[in-house]
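Peer 1: This is the structure, below, for whatever I ask next.
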Amino acid sequence: MSRIGKLPIAIPKGVEINVSDKNIITIKGPLGVLTQNVDPSIKISFDSDNTNLLVERPTDQIRHRSLHGLYRSLLFNMVKGVSTGFKSVQEIVGVGYKATANGQLLELSLGYSHNIIMELPIEVKVETTAERGKNPTIILQSFDKQLLGQVASKIRSLRKPEPYKGKGIRFLNEIVRKKAGKAASSK
């Protein structure tokens, strides 16, 4: 048995789960609505008192074993997202690098000849902070974990941390391996 796949998914209060006959699962919660198309061979059911969601596989084939854990993880993230949400924090390291948020627009000044303006999806809320003596931070919040990860990855790709001084956009508490610079030449 898959150690992840066999775990039941607890359904918090205020979350509704609808399983259609074509294995399309819709999860509604206080933060939003998410849908997921599930492989027809994977069986989705509720326990006897409708407090847990169960994911079951028909056989022990390699394909079914891999889908079992995958869909359980996806459904768990959906339930958690619509009930509590997800958060991603990135910091901008570098002299003169800054970020400002205006609604769904994120304006980044990253040392290029022009500022970069990104329009974020409406499902993602953005907030920026710039405290004196600390690096500017970008805080992203969403109920969709996949979309949040894509947006955070896109922002990070605009100026990845470089290995010599560590300048760039990095996730909070991310460790950037630094290289030694050019050694002083000896005569």
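The values are calculated or read from the model by the stated rules, or taken from the named source; none is laboratory data. Because the structure is a prediction, the values reported are computed rather than measured. Please note: Cβ atoms are built from the backbone with ideal geometry, for glycine as well, and neighbour counts cover all protein chains shown. All accessible areas refer to the heavy atoms of the entire protein, side chains included, with ligands and DNA or RNA removed. Shrake-Rupley method; radii C 1.70, N 1.55, O 1.52, S 1.80 Å.
Peer 1: Can you give me the number of residues within the stretch 112-145 that are polar (S, T, N, Q) and touching a residue at least 60 places away in the same chain (Cβ under 8 Å)?
Peer 2: Summing the residues that are polar (S, T, N, Q) and touching a residue at least 60 places away in the same chain (Cβ under 8 Å) in the stretch 112-145 gives 1.
Peer 1: Only one of G81, G103, G96, G133 is at positive phi and touching a strand residue (DSSP E or B) at 6+ places or on another chain (Cβ under 8 Å); which?
Peer 2: So the residue among G81, G103, G96, G133 that is at positive phi and touching a strand residue (DSSP E or B) at 6+ places or on another chain (Cβ under 8 Å) is G96.
Peer 1: So, one more: Any idea which residue in the stretch 166-184 is surrounded by the fewest Cβ atoms within 10 Å (Cβ to Cβ), counting only those that are outside any loop (DSSP other than H, G, I, E, B) and touching a Phe, Trp or Tyr at 6+ places or on another chain (Cβ under 9 Å)?
Peer 2: Going through the qualifying residues, I end up with G168.
Peer 1: Here's another thing I want to ask about it. Restricting attention to the stretch 4-20, does a residue exist that is closer than 30 Å to R170 by Cβ, touching a Lys or Arg at 6+ places or on another chain (Cβ under 6 Å) and surrounded by fewer than 18 Cβ atoms within 10 Å (Cβ to Cβ)?
Peer 2: yes
Peer 1: Residue under question is I117, and the condition is that it be more than 19 Å from R159 (Cα to Cα) and open to solvent by 30 Å² or more (accessible area, probe 1.4 Å); does it hold?
Peer 2: Criteria not met by I117.
Peer 1: Now, a different point. Given the options L148, L106, L53, name the one that is closer than 30 Å to K13 by Cβ and either at pLDDT 95 or above or open to solvent by 40 Å² or more (accessible area, probe 1.4 Å) (or both).
Peer 2: Exactly one residue qualifies, and that residue is L148.
Peer 1: Name the single residue that is nearest to M78 (Cα to Cα) among those in the stretch 129-151 being in contact with an Asp or Glu (Cβ under 9 Å, 6 or more places away or on another chain) and among the hydroxyl-bearing types (S, T, Y).
Peer 2: The residue in question is S142.
Peer 1: Further question on the same structure: Condition first: free of Cβ contacts under 8 Å to residues at least 12 places away in the same chain and within 21 Å of the chain's Cα centre (by Cα). Now tell me which residues in the stretch 85-111 satisfy that.
Peer 2: G103, E107
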